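See structure below.
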Amino acid sequence: MPPAQQPSAQTQAGIDRLFSSDPFDNTEEAQALFHESFATCAGVHYKGNSYFRGLWDHAGLKPGDIKSEHDLTRVPPVMVNLFKEHELITGSPDDVVLNLTSSGTSGQKSQILLDHQSLVRVKKLAWMIHDALGMTSQDAVNYLCFTYDPKVATNLGTAFTDELLTSFTNKNEVYYAIQWDHAKGDFSLNVDGVIKTLQRYAASPKPVRILGFPAHLYKIVLDHNIKLRLPINSWIQTGGGWKGFASEEIPKSEFRNFMADRLGIPASNNRDMFGMVEHGIPYCDCPRGQLHIPNYARVYIRSPKDLSIVSNGETGLIHFLCSYVTSYPSISLLTTDYGRIGKCDCGIGGATLEILGRAGVHKHKGCALTASKLLDESSTRT
Ligand SMILES: [Zn+2]
């Protein structure tokens, strides 16, 4: 094998053009940008990854064949479990600048390897999507993050995500609620710290953003009977679901109304997000609470029986395509999540994705479970 080479400047440009376009533009011109980006990115993996090449050869497909929406539906998926069981890379390990660990259960984690350009793109596409959804701002914001302090947990996907999510505004203060406890030698959720931080933020005129698992915020506000008014232009950005607290989960609309009442954050500023470290594209709520699919990705719903694509509105396994990553062959990822395609008439383009749960619930508790255990322990202590 010749030494792995970084993609040429021309190749990078072919991938990059998509990420300067409006993420919710669904015109044919915009779709063609995705075709170009995906075909170019697939070309990098086809050339540099023998497993990827074998899959495509078996499917009778070459990256250069990708010219239409129909061609994309022929792209062979890779099961997400494969990434958990094998260390896969395209190109040279020397070019990897960030190694992210997905939130799988112990022993079942993916290592996601990003080279420089892939990291630049994943940050840019996240910014473009949040900007298009009205979620970026020049305000100096006070952040409350229900996640691991990234100074200690540098390679956890959730910590990276939250660091990324705090980059869409200017920052005043960032409070990380899950802190390293030197005495215990483990992470611990600082409930007292969260309550004091909320009170302090409410007394400041600066807008607030609360990031993290919805159950954390919900339980603290409920258990400690918190009622305050956070400043105007404050937001809640949740993600990661209610895993570990399934029995206490409340519908999204109820959560939004509850937080509007208790924290003064309007429902339209309360947004949930779905993302997978292996896929990299954030799916964020529109003001009506629907996850619009950006033109930076394609989502197919496949029958669990034969993997055929089912009609819009029908339930099946979610298959994601993306084109930003050249160092890790996860650009066509078959997940173990069930979902269906819908629509929303809020005015933002794109079909919507509804996440209906996980096919292998017990295998996917991951970070949310660890974090929920922390919350239980903290609740019983206070
Ligand atoms: Zn919408």
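The values are calculated or read from the model by the stated rules, or taken from the named source; none is laboratory data. Model, not experiment: these values are computed from the prediction. Quick reminder, even Gly has a Cβ in these numbers, built from the backbone with ideal geometry, and neighbours come from all protein chains shown. Note: areas computed on protein heavy atoms with side chains; ligands, DNA, RNA excluded. Shrake-Rupley method; radii C 1.70, N 1.55, O 1.52, S 1.80 Å.
Could you work out the Kirkwood radius for the chain, taking every pair of different alpha carbons, averaging 1/r and inverting it, reported in Å?
Its Kirkwood hydrodynamic radius stands at 21.5 Å.
Can you run phi through the Karplus equation (6.51, -1.76, 1.60; θ = phi - 60°) for the stretch 323-335 and list ³J(HN,Hα) in whole Hz, with x for Gly and Pro? For the stretch 323-335, the Karplus curve yields 9, 8, 9, 9, 9, 9, x, 9, 6, 9, 10, 8, 8 Hz.
Charged neighbours of PHE38, selected by a Cβ distance under 10 Å, balance to -1 (K, R count +1; D, E count -1).
Checking the table LYS123/LYS171; LYS151/LYS196; LYS219/LYS252; LYS252/LYS343; LYS109/LYS243; LYS151/LYS171 against a 19 Å threshold on Cα-Cα, which pairs fail? Violating the 19 Å Cα-Cα cut-off are LYS151/LYS196.
Can you pull out the trypsin sites (Lys or Arg not before Pro) in the stretch 252-349 that DSSP calls coil and that have at most 15 other Cβ atoms within 10 Å? Show your work: numbers first, answer last.
Values: sites: LYS252, ARG256, ARG262, ARG271, ARG288, ARG298, ARG302, LYS305, ARG340, LYS343; in loops: ARG288, LYS305, LYS343.
In loop regions of the stretch 252-349 (DSSP not H, G, I, E or B), the sparsely surrounded trypsin sites (Lys or Arg not before Pro) are ARG288, LYS305, LYS343.
Which shape class, rounded, prolate or oblate, goes with the stretch 151-309 when its Cα gyration tensor gives a ≥ b ≥ c as root eigenvalues, a/c under 1.5 marks rounded, and past that a/b bigger than b/c marks prolate? Before the final figure, lay out each step's value.
Working: a/c = 1.67, a/b = 1.39, b/c = 1.20.
The shape class here is prolate.
Between beta-carbons, use under 12 Å as the cut-off and find the net charge around GLU354, counting Lys and Arg +1, Asp and Glu -1. Walk me through the intermediate numbers first.
Values: positive: LYS252, ARG340, LYS343; negative: ASP272, ASP285, GLU314, ASP337.
Taking every Cβ under 12 Å from that of GLU354, the sum is -1.
Excluding same-chain neighbours fewer than eight residues apart, the lysines reachable from LYS62 by a Cα-Cα span under 24 Å are LYS47. Taking a sphere under 14 Å around the Cβ of ARG229 and counting the other residues whose Cβ falls inside, with K and R at +1 and D and E at -1, yields a net charge of +3. Per-atom-type breakdown for the chain gives carbon and sulfur 51% of the accessible area (1.4 Å probe, protein chains only).
Summarising the amide proton neighbourhood of LEU356: residues at separation of 5 or more, or on other chains, whose placed amide H is nearer than 5 Å comprise TYR338, GLY339, ARG340.
If each residue of separation counts as 0.36 nm, what is the full-extension length gain between GLN138 and ASP65 once their alpha-carbon separation is subtracted?
On the way: separation 73, 0.36 × 73 = 26.28 nm, distance 4.26 nm.
Net length gain for the segment: 22.0 nm.
Quick one: Cα centre-to-centre distance for the stretch 275-298 and the stretch 186-242, in angstrom? That distance is 24 Å.
In terms of solvent-accessible area of protein heavy atoms at a 1.4 angstrom probe, what is the ranking of MET128, MET259, highest value first?
Details: MET128 40, MET259 0 Å².
In descending accessible area the options line up as MET128, MET259.
Summarising the amide proton neighbourhood of VAL78: residues at separation of 5 or more, or on other chains, whose placed amide H is nearer than 5 Å comprise SER332, LEU333, LEU334. Computed over the chain, the per-residue total of -39500 (n - 2.57) for DSSP H runs of n ≥ 4 gives a 222 nm mean residue ellipticity of -10000 deg cm²/dmol, rounded to 500.
Contact order normalised by length for the stretch 12-124, with contacts defined as Cα pairs under 8 Å and 6 or more residues apart; what percent is it?
Details: 113 pairs, mean separation 23.4, N = 113.
It comes to 21 percent, rounded to a whole number.
Applying the Karplus relation 6.51 cos²θ - 1.76 cosθ + 1.60 with θ = phi - 60° to the stretch 231-242 yields 3J(HN,Hα) values of x, 4, 6, 7, 9, 10, 10, 9, x, x, x, 9 Hz, where x marks Gly and Pro.
Computed from backbone phi with θ = phi - 60° and the Karplus coefficients 6.51, -1.76 and 1.60, the 3J(HN,Hα) list for the stretch 131-137 is 5, 5, 8, x, 9, 9, 7 Hz; x is used for glycine and proline.
Proximity of backbone amide H atoms, modeled 1.01 Å from N, is registered between ILE210 and LEU144, TRP235, ILE236, GLN237 at under 5 Å, excluding neighbours fewer than 5 places apart on the same chain.
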